[in-house]
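Reviewing the structure listed below.
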Amino acid sequence: VDEYSIGDFGHMIADRVRMDAYAAALRAAITPGCIVADIGAGTGILSFIACRAGAGHVHAIETNEEALEVARQAAAANGFADRITFHALPSTQVNLPQRADVIVSDLRGVLPWHAQHLKSIADARERLLAPGGKLIPQRDTLWVSCADAEETHASMFEPWALDGFDLRAACDIVANRWRKIGVAADKLVAPAAQAATLDYTTADSPDLSVRVELVAPRAATAHGIVAWFDTVLADGIGFSNAPGGDPLPVYGQAFFPWPQATTVAPGDAITVKLRADVVRGTYVWSWSTSIRDASGAAKADYAQSTFKGFPLSPHLMRSQQESYVPQVTDEARADLAALQSIAQGLPVGHIAELLMQEHPALFPDVKEALTRIGMLCARYRC
Ligand SMILES: C[S@@+](CC[C@H](N)C(=O)[O-])C[C@H]1O[C@@H](n2cnc3c(N)ncnc32)[C@H](O)[C@@H]1O
């Protein structure tokens, strides 16, 4: 689940290229009096643009309570309060009194394969969109290349060799995580390849599996794979997050590092396989690269995955085996007691008292107990 701060939403709104394209797409799609669903409304900006463009009613759907509160206040400040219904729920749990003529969203991260994005859009398309209704965006196209990203690569790998200490245990983890980057256009070491198109009007799988063949036109040093997307929001309206954007788009590009800097020569063939698989609700990204020179001789072979990017503790590994019998701990007992009290409808002050009595070592004061109950309430949306 994304937990953006209000400042993060400010950065999204400050991306003029993105905002202008979304505003143009909404103006093109909205007919006077139509019903709009704004999924992942954040602080409400797309809902307000929809109102201004003539929507009859807007459903602003957002799980981030803080953002939604800003949206409520801003709706009132802009005279839209009577035209917007706020839903503090995931869209997959929202039912609308009438299907929407337009569904607008931007649930992507750096790339469209992000969190619950594709699942949410597939659900919204089936349950919330009127027949013949419009989806904004319509489709995204994924682009892949390799880049000279010396500075970013160094910032990831160089800290692990300080003052003669051998800290390389961290490098295996660092090499298996990707991050956001802002690449200059002249830092791409091969022309980008179009890797996939995501058509939101039909897409029903949240996973990605693509293979692209790149050819290096010149000698260069590369540090990893770079991926970004173009979008078509409505017919003839869209934007691109390609390297070289100035200012840097809020999305940036995704940088999938190689374990080491790698030189390429003119004519080298760089084969990249990129996958995103939803495993237990979160994306596992895998990227493999093979570089062959013009004669076909191997120059480099890398296989990386975010699955390897998190240290798996022996306990975590053991506890996922079917034969494992969990032992209840004091913390688990305390959580169980707190959840049972919540289920009985007790006020939190009362539950805190009970926790302090039953588990004085865990909850030496009321603040500790209230914090724990608050976390449980947030976790389960109680
Ligand atoms: C990238 S922000 C976009 C905010 C705003 N619409 C904009 O364009 O500036 C995406 C927001 O969608 C919310 N979100 C993601 N999936 C959602 C879902 N299925 N239902 C409701 N909110 C969702 C996140 O909490 C986040 O606030």
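The values are calculated or read from the model by the stated rules, or taken from the named source; none is laboratory data. Computed from a predicted structure; not experimentally measured. Positions of Cβ are backbone-derived with ideal geometry, glycine not excepted, and every protein chain shown enters the neighbour counts.
Some points to look at:
- The condition of being within 27 Å of GLY245 (Cβ to Cβ) and surrounded by 21 or more Cβ atoms within 10 Å (Cβ to Cβ) holds for only one of VAL174, VAL212, that being VAL212.
- Among the residues of region 100-109, not one is closer than 26 Å to ILE181 by Cα and more than 8 Å from the ligand (Cβ to nearest atom).
- Selection count, region 240-256, where residues are in a strand (DSSP E or B) and in contact (Cβ under 8 Å) with a residue 24 or more places away in the chain: 4
- Sole exception among (1) assigned to a loop (DSSP other than H, G, I, E, B); (2) within 16 Å of SER105 (Cα to Cα); (3) within 11 Å of the ligand (Cβ to nearest atom) for GLU3, by number: (2)
- Residues within region 130-153 that are of a type outside the set (Gly, Ala, Ser) and within 15 Å of ASP235 (Cα to Cα), tallied: 8
- Just one residue in the set PHE48, PHE9 is outside any loop (DSSP other than H, G, I, E, B), within 8 Å of the ligand (Cβ to nearest atom) and aromatic (Phe, Trp, Tyr); that residue is PHE9.
- When the residues of region 70-94 are filtered to those that are outside any helix (DSSP H, G or I) and more than 10 Å from the ligand (Cβ to nearest atom), the one that is farthest from the chain's Cα centre (by Cα) is GLY79.
- Close pairs from region 280-305: first within 28 Å of GLY109 (Cβ to Cβ), partner loosely packed, with under 12 Cβ neighbours inside 10 Å, Cβ under 6 Å, at least 6 apart: SER290/ASP301
- Here GLY54 clears all of (1) within 10 Å of the ligand (Cβ to nearest atom); (2) more than 25 Å from the chain's Cα centre (by Cα) except the condition numbered (1).
- Matching option when the condition is in contact (Cβ under 8 Å) with a residue 12 or more places away in the chain, within 10 Å of the ligand (Cβ to nearest atom), acidic (Asp, Glu) and out of contact with any Leu (no Cβ under 6 Å at 6 or more places or on another chain), among ASP38, ASP15: ASP15
- Residue within region 23-35 that is closer than 30 Å to ALA378 by Cβ and either within 14 Å of the ligand (Cβ to nearest atom) or surrounded by 23 or more Cβ atoms within 10 Å (Cβ to Cβ) (or both) present: no
- Only one entry in ILE136, ILE173 is β-branched (Val, Ile, Thr) and closer than 21 Å to VAL36 by Cα, namely ILE136.
Per-residue answers, yes or no, for (1) surrounded by 10 or more Cβ atoms within 10 Å (Cβ to Cβ); (2) modelled with pLDDT under 90:
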residue	(1), (2)
VAL325	no, no
LEU336	yes, no
LEU339	yes, no
ILE342	yes, no
ILE351	yes, no
LEU355	yes, no
PHE363	yes, no
LEU370	yes, no
CYS382	yes, yes
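- Region 160-171, subset in contact with a helix residue (DSSP H, G or I) (Cβ under 8 Å, 6 or more places away or on another chain) and surrounded by 12 or more Cβ atoms within 10 Å (Cβ to Cβ), residue farthest from SER47 (Cα to Cα): TRP160
- Set side by side, the residues PRO159, PRO97, PRO112 differ, and just one is in a loop (DSSP other than H, G, I, E, B), on the phi < 0 side of the Ramachandran plot and more than 12 Å from the ligand (Cβ to nearest atom), which is PRO97.
- The residue that is nearest to the ligand (Cβ to nearest atom), among those in region 135-156 that are in contact with a helix residue (DSSP H, G or I) (Cβ under 8 Å, 6 or more places away or on another chain) and outside any strand (DSSP E or B), is PRO137.
- Taking (1) more than 8 Å from the ligand (Cβ to nearest atom); (2) assigned to a helix (DSSP H, G or I); (3) more than 21 Å from GLY133 (Cβ to Cβ) in turn, ALA67 satisfies each apart from (1).
- Within region 115-134, being buried (at least 20 other Cβ atoms within 10 Å of the Cβ), hydrophobic (A, V, I, L, M, F, W, C), near the ligand (Cβ under 10 Å from one of its atoms) and assigned to a loop (DSSP other than H, G, I, E, B) holds for no residue.
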